[in-house]
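Everything below concerns the one structure shown next.
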Amino acid sequence: MFLKMKMFSCPEEFCKRTFMKYGNLLKHLDIGKHSKPKMTQNLSDRTKVLYSIQIENKVVKYTYVNALTVDSTDTSKFPKGWALKLKRELKKFTQSQKNFMTDKFEIGERSGQKCDPDDVSTLMRSVKDEHGRRLFKPVEFLSTSQIASFFSRLALKKRKTSLQEYSEEDQDAENDAVNFRHLTDLANV
Ligand SMILES: [Zn+2]
């Protein structure tokens, strides 16, 4: 379904910009003109935004959030089927997937020739280890948009001044948030 569409979402919190081309997403990240959240959102929209902030930060850092108590485990606020849908779309990257993508991303950064997620997706299907065995099973192959989403988050992290350790937890939390944003984008179409 939507993973097959070449739609790349900005990984920045709140920002709802999506791009048909990965290169345009990177340009957008360079320029840094992210869309701002609308203040006219109704309560349920706000709750969704807060929820995604919570996922992204694990700990709620935004003071205004204190006005509303959002229990991240309480999904009853969300439309029926939402949680199911999210679960189905959520796939955690394995360590070897992450290593592979990070490696390709870093090569792209160093050479100045950005690595094309499309190429990485194709390469994943044939790449072998030193013993000539396939590095990835078919079930581990990633789509262009999954790779682009991972890349764009690496790119965003790189551009953030407070470069912190990219921990496993952050990674998973961000996967949640990105998947969540895809769904809300779909819901808003
Ligand atoms: Zn953005």
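The values are calculated or read from the model by the stated rules, or taken from the named source; none is laboratory data. What you see is a predicted model; the values in this text were computed from it and never measured. Here the Cβ positions follow ideal geometry from the backbone for every residue, glycine too, while neighbour counts run over all protein chains shown.
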Total residues in segment 18-30, condition under 18 Å from Thr144 (Cα atoms), free of Cβ contacts under 8 Å to residues at least 40 places away in the same chain and near the ligand (Cβ under 9 Å from one of its atoms) = 0
Selection count where residues are touching a strand residue (DSSP E or B) at 6+ places or on another chain (Cβ under 8 Å) and over 13 Å from Ser35 (Cβ atoms), scope segment 5-23 | 5
Residues in segment 121-174 that are under 21 Å from Glu109 (Cα atoms) and either modelled with pLDDT under 90 or not in a loop (DSSP other than H, G, I, E, B) (or both): how many?
-> 29
